[in-house]
Structures are given as structure tokens and as C-alpha cells.
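Trainee: Can you keep this structure in mind? I'll have questions shortly.
The values are calculated or read from the model by the stated rules, or taken from the named source; none is laboratory data. Note that the structure is predicted; figures quoted are calculated from it, not measured. Cβ sites come from the backbone with ideal geometry, for glycine too, and all protein chains shown count toward neighbours.
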Amino acid sequence: MRLGAVLSALRPALPLLLGLSLGCSLSLLRASWSHGAAEERCLAPGPPAPPARGAPPEAAEGRPGPGHEDFRPRIVPYYRDPNKPYKKVLRTRYIQTELGFHERLFVAVLTSKATLNTLAVAVNKTVAHHFPRLLYFTGLRSAKVPHGMVLVAHGDERPIWLMYETMNYIHQHFGSDYDWFYIMQDDTYAQAEQVKALVTHLSINQDVYLGRAEEFIGGDEQARYCHGGFGYLLSRSLLLKLHPHLDSCRNEILSVRPDEWLGRCIIDFLGITCVSQLQGQHYHTYELAKNTELEKEEEEDFQAALAVHPVSDMTLMYRLHKQFSRIQLDRVYQEIQDLQMQIRNLTALTPAGEAGVTWPVGINAPFLPKSRFEVISWDYFTEQHLFSCPDGSPKCELSGASKADVSEIIESAVEQLNRLYQPLLRFSKRQLLNGYRRFDPTRGMEYTLDLLLEAATQKGHSHVLAKRVSLVRPLSKVEIIPMPYVTVQDLDFVANFLDMFAMNTLDTHDNALLTLLFIYHPYDAQRVGQVDVFAGVKAMVGELEKRYAEVKIPWISVKTEVPSQVKLMDIVSKKHPVDTLFFLASVWTEINMEFLNRCRMNTISNWQVFFPVHFQEFNPALVYRGEQTASSSTDFLRDGHFDRHSFAEACFYNSDYMTARTKLAADILDRDEVLENMEVFDVFLHYSGLHVFRAVEPGLVQKYTLRSCNPRLSEELYHRCVLSNLEGLASRSHLAMALFEQEQANST
């Protein structure tokens, strides 16, 4: 009875006990098999045993032999010889250079002296800006090269010689920089975006000779060459293998056509034939017949073609580009509609349901303010006037880019209404009643228009009605855009400025120099022999030069009542080389390596200048009111604002400034008083023709100070200085709290 009672009590746990027993047994069996299969040997200390016969030497040293990919990495410790002096390691400017990355695609266009100013120009205007790098190769060149084209002339018009020299040139100058090389003629129209998409789907580890495969006349049926009229693609690995054989091909292979000569050279020496399909990718081409009506061409082969040949004249090239652009645009619109439909279908399955769909579908939802201070205000406008002006005035005339923007938006609104209601109704604009717009940083520019429209029916009846429409101009691709030379101009905060400069540039051996600009008032300049107002600063500079023996910090002294930034820059520019990269700053600025590197990248010689919007700290007396300064990054961003009224900081090359300054001098002639009303920003904006890049810069921080605004400056500069001081006091919440505390103190 007792045994039965025990068994009945253990019966629920019986499956668990059986499972544990079976698991332990299997684990013991597996352990015995593993020990039996392994041959462990005890090695006595001594010289290593010789490798077995047939074993590779790498395997004997513990390194993997051929075919073995799993191995243990060996850590090489860093060792620095204490007897050798410290030498700064020079790093490459771009990380992709250091990592050995290659650019994706290089394009070569074969042209001639006869077609350089016609077909080659048409190629340059239609597809050149879509390719990252494109060069034109010709035998002989004309006296004048068309604008915007990089041309390489070999000095001989023979087709085979042109092909031979072109391949040599590509290998010598670009063979180590690009993964793919696309060769085309100037009578070829290539769909640039399709060619770029093709190379992104091909492996760079294979020898690729891709194009329209053609048979040799009277040759081997298996061998093919790529027809040059339709373009062809070569991989970097194939170009590197082909280059040693080019001289032999030039001497041994006879051909009239350069594409046949190149194809025969690749086949004879590398054994690679041209293919039209590779790795699941097809190289589609279309042979254009005479008198083809491109607008009515609806063949699938035409729409899928990467290259079209032959193109006989410039007009035909432009018509082809227009037709393919329309086809590509229709595809993009169809893709957008399909994506929007998918978003609607998927959103219906979310907890929010269809209410979670934002308008327009696929664009970020509007910004939701967390407080009344974050509300984005709307700007009111009509077709003639804007009621929120940049200079702060309540009303100004609508002109320039703003007028073009409003006209385009109204036209687009009427077009969308007609597309939606046709053929039942046809709308035409009579008047813009009200217009509102605002910039939402999360999605783009938003518009709300009240339009007075005339609606006409199919029977000819018309009616006037008012209709409100909403539009969004969404943000497209963000374009990120390449500084270190410093000039300073005030006595306060100099000690902190010099300490920050020494810590971030001199201690790190950064390639940055400092030039100080001392601006004397005429009264102080007369007394400089007795009392020098900058004597303390000069003493600090002397101490800094003693601490860093290899560093020299020059200074420039200027006497003026009205410190015009342009006139001061003229003096500094003459004392430095043409290739100097300037960074203009004030002594309130905190210099750091992060910003210097970003400034170097954002300033490009003969192309772009950089005017950062610095982060201005608020008045600590109003923000903290005796409390401790906030240390977290979130609090830090609340303790200041980006000062959009200041244009004092700038990054540019001396050569670009001198070019713009020359144009300015020719415009103003001898009226030097005009310079007092200008800043360096105005010089570049109106007289350089360069890209003026202006963006907020969190790494450029300035301490709070109440700047003295010179009333002798122009009205605009003085007004900007006053606004900068007022907005730099504190945020609205801090000012409100300060007023509240003051009123409480007055009431008690």
C-alpha cells in the first residue's frame, strides 16, 4: 500500500524525471564521441616540429592555409620608440581615401573635332550632370573648348589610336579611383540614371565587358565584341589586366573600327567576350531608325533602353532627352502612387486606423508644438505684397524669389484642381483672396490659399466661386556641403579665447595659425606711446609664444572710427598668400577642433564659402538668476539661441575674396564710403558668383556679451546689431519670469 501511494504521488513528475535522464545520457555520449575524435597531444617544450608533408607553411605557423577562412586574429601592440622625436601622423582628408574606397562610375565620351561643338555639347547638356565624372576624348581639338566640358586631346584623329590613347589615359589617371568605366560615343544617348543603377547591381570582383554584343565579320562565332555606338561597361579588374597588353594589341591587331579592335584585344589576351546580360542584369539598347517619331514611340524596347544609337544631330539628342525624361517622370509618379496606396492599406491595420494617415501621404506629419513658444507662425501674403518682411517692416512688395514662389504655387493649385475635376469642370484663376505660408522644418513649406475661381462646365456655363486649397512643397534631398585662420577684434574675453585656441589647436599640433587684429580709436592711437589699450593682450600673446616656442602670433594694428569689415579684410588679405583659408571670428567665440574640421570641409576653393550661424548664449543673470549653470546638453540648448542676425563669422579662401573684391571695386569705382555699409557676406553674395552656404553650427558657441552698435554704420547693419542684442538677452519664458519676479518685488 505504501509503495502504491508513493508511485501515485510521483506519477505527475514522472515525465520530467524521464526527460532529465535522457538529456544527461545524450550529453555524456556526445562528450565521449568528441574526445574520441580529437587527437590531443602533449607537447614538450622545445623547437616546433616540422610541418607534415604537403602542409602549407602558413598552417605550420598557426595561420590559415588556402581554403581556410576561420582563423584567430593576431593583435599587434603599438610600440613607440622613446628615442625618436614625436611626429604628427598625417591623416587623409576623407575617410574613404584611408579605407581604400573607390568612386562608383567614370564616363568617357569619344568625340572628334567636327562634332565637338555640336553632338558633344548636346551630350554635355543632357546627361553630363547626372554622372559623377565625365571626360571627353578627341584626337584634335578646336581653338575654343565649349564651356563646362573637360576635354583631353591626343593629337591624332585615327580611330584606333584614339581608342588606344584613351584606354591608357583612363588607366593612368583614374584606374585606381573608380570601380566601373563606361565608354560611349558622342552620337549615343545614354540614360544616365539607368546606367548608374546598373552598376550598383553588379559585382566588382568579376571581369566585366558588358554592352551590345556583335559578331566579328568572318570571325569566330563564339566571340563577340561590344558595339561602340551603344556604349559598353568595363570593370576595374578588367582594365587593370588589359593595360599591359595594349601595346601588343596596337602592334598586332589590325581593324578599322575602334570597338572591334578593343573587343579583339580583350578576347585574344584575356579570353573575355562581350555579353549583353550578366548577373541577372540586362543591357538594353535601341537602334534608332530614320524619321522616327519619338513622341509616339511606345515600344517596350525603346522605353527600357539604356542607350540609343545613332543620334544624328543636336535636336534629336534633345528630343530623346525630353522623351526619356517624360517616361522616367511617369514611372516616378506611378511609384509614388503605389507607395501611397501601400501606406494607406498598412495604416488601416495600425491602432490609429485610417485617422493615422497624414496628408500628403508619405510626407512627415506637421510639427506639433509642445508649448505656445514653439508654435510656427503663418506669414500672410497677396499677389502684390508680403506682410512679414525680412527687415521687420509690416508690409513690403513681393518680389524676386518670393514672387516667383507665389506665382508657381497658384499655378500649381489651379492645375491640380483641373486635373481632379476635369472633364466635368474647368477652372481658371481670377484673384488670390488670401495667402498663408509657413516653413515646417519637419516637412517643408506649407501653403493655404483662398482663390477666387471661375468654373466652366462642358456645356459652356460658368460660375464664380471661392475655394480654399492647401499645398506642401516638401523638403527634397538635403545637400551637405569644405577652414582655419583667425582674426579677432575686441579686448574683452581675450584670455579665454587664447586659452581655448591653445588647448584645441596648439596642443594638438593642428594646422591652424592665429592673426590678431587690433582696432584703435583715433584718440587711443594718439596715446599709444603713453597708454596702450591692448598692452594686456600683447603680454598674453608674449606668454603664449614663450610656452610654444615654435609658434608665432602676429598682430595687425588699425586706426579707424568706423570699423568696416570689408576694409579690415582688405588689409588682412594683402598680408597672406592667395591660397590661405580664412576663418573670421570674434573674441567671444570658443574655438574647437570639431568646428574647425567642419569649416574645412564646408569651404571649397572657387566653388563655395561658408557663413555659419553661431549659437549665442543668453545673459546668465536673466537665465539662472544666481543659480548654477546647467551642464546637460538639453539644458545647454535652452540657454541660448542661434543668432541669425550675425554674419561676422566666415570661412573662405583668400583667392575667392580677392576675385570678388576686384569685381566690387569695378562696380563702386572710387566711392569708398560704400564699403562702410557692407560686410564680407555682402561681397560674396553679390560679387562672387560662388555658392554661399549658411547653416546653423552647434559647435560654434559664443559667450554672452552686450555688443556696442556703432551708429555710424549703415541703417541695416545697425538694426541687425540691435536685434542681435535684444534677442540674445534671454528666451521669452526667462524674460517673462524676470518681469514676474520684478513685479512681485515692486508690489511688496
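Trainee: Among the charged types (D, E, K, R), at pLDDT below 90 and not in a helix (DSSP H, G or I) - does that describe any residue in region 273-294?
Mentor: Looking through region 273-294, at least one residue is among the charged types (D, E, K, R), at pLDDT below 90 and not in a helix (DSSP H, G or I).
Trainee: Further question on the same structure: Please go through region 577-608 and pick out each residue that is more than 26 Å from Asn496 (Cα to Cα) and over 30 Å from the mean Cα position of the chain (by Cα).
Mentor: The answer is none; no residue qualifies.
Trainee: A follow-up question, please. When only residues in region 414-445 that are assigned to a strand (DSSP E or B) and of a type in the set (A, V, I, L, M) count, which is farthest from the chain's Cα centre (by Cα)?
Mentor: This residue is Leu425.
Trainee: Quick one: which residue in Ser557, Ser586 is within 21 Å of Ala695 (Cα to Cα), modelled with pLDDT under 85 and either of a type in the set (S, T, N, Q) or outside the structural domain of Ala665 (by TED's automatic domain parsing) (or both)?
Mentor: Exactly one residue qualifies, and that residue is Ser586.
Trainee: Hand me the list of helices (runs of 4 or more DSSP H) wholly inside region 660-748 holding 1 or more residues that are under 30 Å from Arg600 (Cβ atoms).
Mentor: 680-687, 715-727
Trainee: Also, quick follow-up: Can you find even one residue in region 446-458 that is surrounded by fewer than 17 Cβ atoms within 10 Å (Cβ to Cβ), part of a loop (DSSP other than H, G, I, E, B) and modelled with pLDDT under 90?
Mentor: yes
Trainee: Which number in (1) assigned to a loop (DSSP other than H, G, I, E, B); (2) out of contact with any strand residue (DSSP E or B) (no Cβ under 8 Å at 6 or more places or on another chain) marks the one condition that Pro366 misses?
Mentor: It fails just one condition, (2).
Trainee: If you take just the helices (runs of 4 or more DSSP H) that sit entirely in region 509-628, which of them hold at least 2 residues that are more than 17 Å from Gln702 (Cβ to Cβ), among the basic types (Lys, Arg) and out of contact with any Asp or Glu (no Cβ under 8 Å at 6 or more places or on another chain)?
Mentor: Filter on region 509-628 gives 535-547.
Trainee: Name the strands (runs of 3 or more DSSP E) wholly within region 96-203 that hold at least 3 residues that are surrounded by 21 or more Cβ atoms within 10 Å (Cβ to Cβ)?
Mentor: Filter on region 96-203 gives 103-110, 134-138, 178-185.
Trainee: When you check Val722 against the structure, is it among the aliphatic types (A, V, I, L, M), under 15 Å from Ser646 (Cβ atoms) and touching a strand residue (DSSP E or B) at 6+ places or on another chain (Cβ under 8 Å), yes or no?
Mentor: no
Trainee: Among the numbered criteria (1) outside any loop (DSSP other than H, G, I, E, B); (2) within 36 Å of the chain's Cα centre (by Cα); (3) modelled with pLDDT of 75 or more; (4) not hydroxyl-bearing (Ser, Thr, Tyr), which one does Val486 miss?
Mentor: Val486 satisfies all of (1) outside any loop (DSSP other than H, G, I, E, B); (2) within 36 Å of the chain's Cα centre (by Cα); (3) modelled with pLDDT of 75 or more; (4) not hydroxyl-bearing (Ser, Thr, Tyr) except (3).
Trainee: Exactly one condition in (1) in contact with a strand residue (DSSP E or B) (Cβ under 6 Å, 6 or more places away or on another chain); (2) in a loop (DSSP other than H, G, I, E, B); (3) buried (at least 18 other Cβ atoms within 10 Å of the Cβ) is false for Ser255; which is it?
Mentor: All conditions are met except number (1).
Trainee: Among the candidates Leu246, Leu242, Leu234, which residue alone is of a type in the set (A, V, I, L, M), at pLDDT 90 or above and assigned to a strand (DSSP E or B)?
Mentor: Exactly one of Leu246, Leu242, Leu234 is of a type in the set (A, V, I, L, M), at pLDDT 90 or above and assigned to a strand (DSSP E or B), namely Leu234.
Trainee: Among the candidates Lys125, Lys144, which residue alone is over 21 Å from Pro244 (Cα atoms), among the basic types (Lys, Arg) and at pLDDT below 90?
Mentor: Answer to the check: Lys144.
Trainee: Output the number of residues of region 204-231 satisfying the condition of being outside any strand (DSSP E or B), of a type in the set (A, V, I, L, M) and crowded, with 21+ Cβ neighbours inside 10 Å.
Mentor: The qualifying residues number 1.
Trainee: Somewhere in region 396-408, is a residue touching a Phe, Trp or Tyr at 6+ places or on another chain (Cβ under 9 Å), in the same structural domain as Ser470 (by TED's automatic domain parsing) and β-branched (Val, Ile, Thr)?
Mentor: Scanning region 396-408, I find at least one residue that is touching a Phe, Trp or Tyr at 6+ places or on another chain (Cβ under 9 Å), in the same structural domain as Ser470 (by TED's automatic domain parsing) and β-branched (Val, Ile, Thr), so the answer is yes.
Trainee: What are the pairs, 6+ residues apart or on separate chains, where a residue within region 111-140 that is more than 20 Å from His154 (Cβ to Cβ) has its Cβ under 7 Å from a residue that is among the charged types (D, E, K, R)?
Mentor: His130/Glu193; Pro132/Glu103; Pro132/Arg104
Trainee: Please identify the pairs in which a residue from region 151-169 that is on the phi > 0 side of the Ramachandran plot and not assigned by TED's automatic domain parsing to the domain that holds Arg250 has its Cβ atom under 6 Å from the Cβ atom of a residue that is among the acidic types (Asp, Glu) and buried (at least 16 other Cβ atoms within 10 Å of the Cβ), counting only partners at least 6 apart or on another chain.
Mentor: From region 151-169, no pairs qualify.
Trainee: Go through region 100-139 and report how many residues are among the charged types (D, E, K, R) and under 11 Å from Tyr182 (Cβ atoms).
Mentor: Summing the residues that are among the charged types (D, E, K, R) and under 11 Å from Tyr182 (Cβ atoms) in region 100-139 gives 2.
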